[in-house]
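Single-structure report; data block below.
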Amino acid sequence: MADTFDLTVIGSGPGGYVAAIRAAQLGMKVAVVEKWPTHGGTCLNIGCIPSKALLHASELFEEAGHQFKTLGIDIPAPTLNLSQMMTHKDDVVTANVSGVDFLFKKNKITPFRGVGSIPAAGRVLVTGEKSTTIETRNIIIASGSVSANLPGIEVDEERVVTSTGAIKLKEVPKRMLVIGAGIIGLELGSVWARLGAKVTVVEFLDRIVPGLDSEAARQLQRMLQKQGLEFRLSTKVAGIEKNPGSLNARFEPVAGGDAEFAEFDVALVAVGRKPYTEGLGLEAAGVALDERGRIRTDAHYQTNVPGIYAIGDVITGPMLAHKAEDEGIAAAEIIAGQAGHVNYGAIPSVLYTSPEVAWVGKSEDELKAEGIEYKIGKFPFTANGRAKAMLATQGFVKILADVKTDRVLGGVIISKNAGEMIHEITVLMEFSGAAEDLARTTHAHPTLSEAVREAALMCGDGAIHI
C-alpha cells in the first residue's frame, strides 16, 4: 500500500496539474495519476499547444509570401519545410510538458503512471506496469475529454483524422474536408489552407462558431472565404468512402434534398468533444453522471460522494483549458477550507484563426433572447493607426453595456492579437466595471488596444477617431 495523501488528482491536464500545484502550495501532500507517458493532458500534448505552434508558423509562412513585399521586404517566394515545422511543434510540446515535470518536483508532488480508477471513496487504484493502491483523503477527477466522432465515419488518424491526426500530417493534402465549423475545425483548417490545401468546411448548422456573436461570425466567415476556405452550411456529411487514392464524401442538405459527392485527400472530424470517464470506476464508486455523460457536481465541485471532486471538461461548462485551471485552483482551495470561486460570467474564449476572434460575457444574441436592454460601442480597426502600420485593419471591437447602469455585459474582438486584448474587458467585467471606466483609462499610443477604449467611448458620447 502506498502512503496516505491529502489529495490525489486523476489526470494531469491544465485542470489537474494546476489543482495539484495549488493544493501543494496550501500544504497538502499531493499525488497525481497520469496514464500517458507525459504530463499535460490533451492541451499540452495534442491540443492547444501544438496547434498554436502550427498556427503561428503557418501565419508567418503566409505573411512571408504575401505581405512582406508591401512592407518593403523583397525575398524569394518561401518554400515549405513541413518536417521542420513539425519538429518545431514537437519541441514546443516537449518544453511545455517538461515544465510540468519541473513544477511537480518543485512542489513535491508524487506522480504515478497508469490508469487511475476509484474503487471507493478514499482510494485510487493505479493500473499500469506497477499497479498500486493510493490511500487518499480527497480525490479530484480531471480526466478531460476526447474528440467526438460521427456515426458511420471511421477515424484512422491518417486520412480520416481528429485534431490528434490533423497536427501530424506528413504532407499537405491537396483537398481537405473539415467537418464542423467550430473552433477546432476552423483553426486547423486555416493552418492547412495557409500551407496550400484547398479546404472545404461543412457545418450542420446555418452559421459558423456556435456561441460566438452572430455579427462577428458572419464577418469572420467572409474573411476566411477570402483566404480560400469554402463553406457549406446547413449540410451534413452522411458518409465517407475510403478509396485507394481518395476519400469520397457524401453531403446531404439538413433540410432534405438530393445528396452530393466530393473527393478529398484528408477529412478532419471536428464536431466537438465529449467527457472522458471511461475506466474511472465511477459506477462502482457511486459517482453520478448527468444525461450528457458529465460528472455531476455541486457549486463546490464535489460529486454526490463526499471527498470526490471533479473539474474541467468532465463537468458542465465550456471545455476550455483556462476554465479547467481556474476550477482546479478553486477546488484545491475549497478542500483546504478556503473560499475558492470561479466567475463563469467572465471567462474569455479565443479562436486562433488569422485574424483572431476573442469574446467574453454575453453576446448580442444572448442579450436579445434574455430581454436585457443594452447599448453597443463598436470601433473598426480601419481607424486604428497601429493596425494600419501592421497591415492588420480587418475586424472590430464591440462592447455591450447595460443601458441603465453602463455596466459592461460582454465584448467581442476580431483582430490580430485579439486573444491578448480581450483580457482588459475581462478584468473590467470581473470588477463589475462600466464602459465609462474603460473609456477614461489611458491607453498607450499607438497600440491596437486603443480600439478597445474607442469602443468603450462609443457607449457614451462617441469615439474620438471615427
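The values are calculated or read from the model by the stated rules, or taken from the named source; none is laboratory data. As the structure is a computational prediction, the values presented were derived from the model and not from experiment. All Cβ positions, glycine included, derive from the backbone under ideal geometry; neighbour counts span all protein chains shown. Surface accessibility is based on the protein's heavy atoms, side chains included, excluding ligands, DNA and RNA. Shrake-Rupley method; radii C 1.70, N 1.55, O 1.52, S 1.80 Å.
A few notes on this one:
- Computed over the Cα atoms of segment 99-234, pair by distinct pair, the Kirkwood hydrodynamic radius stands at 18.5 angstrom.
- Under 5 Å, built H, 5+ apart or other chain: amide partners of Gly410: Lys362, Leu400
- Measuring nothing but protein heavy atoms, the accessible surface of segment 159-241 at 1.4 Å probe radius is 50 percent carbon and sulfur.
- Amide hydrogen neighbours beyond the local backbone of Ile167, cut-off 5 Å, H modeled: none
- Euclidean distance of C-alpha centroids, segment 198-265 and segment 122-141, integer Å: 44 Å
- Of all DSSP-defined beta bridges confined to the chain, some 60% are antiparallel rather than parallel.
- Förster radius 30 Å - calculated FRET efficiency between Asp90 and Glu291 (Cβ-Cβ, nearest 0.05): 0.15
- For the chain, Cys with no neighbouring Cys Cβ under 4.7 Å: Cys459
- Near Leu82: Cβ cut-off under 10 Å, other residues only, Lys/Arg at +1 and Asp/Glu at -1. The net charge is 0.
- Under a 5 Å amide H cut-off, with hydrogens placed 1.01 Å from N, Ala148 pairs with Val271, Gly272, Arg273, Lys274 among residues at least 5 apart or on other chains.
- In whole percents, the pair-distance distribution calculated for segment 417-465 from its alpha-carbon pairs, binned every 5 Å from zero, is 5, 21, 33, 26, 14, 1.
- Fraction in percent of alpha-carbon pairs per bin - 5 Å, segment 293-429: 2, 10, 16, 17, 15, 14, 12, 8, 4, 2, 1, 0
- Karplus (6.51, -1.76, 1.60) ³J(HN,Hα), θ = phi - 60°, over segment 337-346, in Hz, Gly and Pro reported as x: x, 9, 9, x, 7, 10, 8, 6, x, 9
- Solvent-accessible area per residue, Å², over segment 111-180 with all protein chains present [probe radius 1.4 Å]: 47 Å²
- Computed P(r) (all Cα pairs; segment 8-56; 5 Å bins; percent): 5, 22, 25, 19, 13, 10, 5, 2
- Sorted peptide list for 259-272, 188-201, criterion being average Cβ within 10 angstrom, highest first: 188-201, 259-272
- Taken over segment 227-294, the alpha-carbon convex hull comes to 173 cubic angstrom per residue.
- Spatially, segment 351-389 and segment 441-459 are offset by 13 Å when compared through their Cα centroids.
- With the convex hull drawn around the C-alpha atoms of segment 350-395, the volume per residue stands at 88 Å³.
- Charge tally in the Cβ shell below 13 Å around Met429, where Lys, Arg are +1 and Asp, Glu are -1, Met429 excluded: -3
- Computed 3J(HN,Hα) for segment 148-153, one whole-Hz value per residue from the Karplus formula 6.51 cos²θ - 1.76 cosθ + 1.60 where θ = phi - 60°, is 7, 10, 9, x, x, 10, glycine and proline marked x.
- The convex hull around the C-alpha trace of segment 290-342, projected and averaged over every direction, spans 3.5 square nanometres.
- Per-residue ³J(HN,Hα) for segment 293-303, Karplus 6.51 cos²θ - 1.76 cosθ + 1.60, θ = phi - 60°, Hz, x for Gly and Pro: x, 8, 6, 6, 9, 8, 5, 10, 6, 8, 6
- Segment 31-178, Cα convex hull volume normalised per residue, Å³: 172 Å³
- If the chain linking Thr132 and Val427 were pulled fully straight, counting 0.36 nm for each residue of separation and taking away their Cα-Cα distance, it would gain 101.8 nm.
- For the chain, hydrophobic long helices are taken as DSSP H runs at least 24 Å long by C-alpha position along their axis with mean Kyte-Doolittle hydropathy of -0.5 or more; these are 48-66, 82-106.
- Viscosity 0.890 mPa s, 25 °C: Kirkwood-radius Stokes-Einstein D of the chain over Cα pairs, µm²/s: 103 µm²/s
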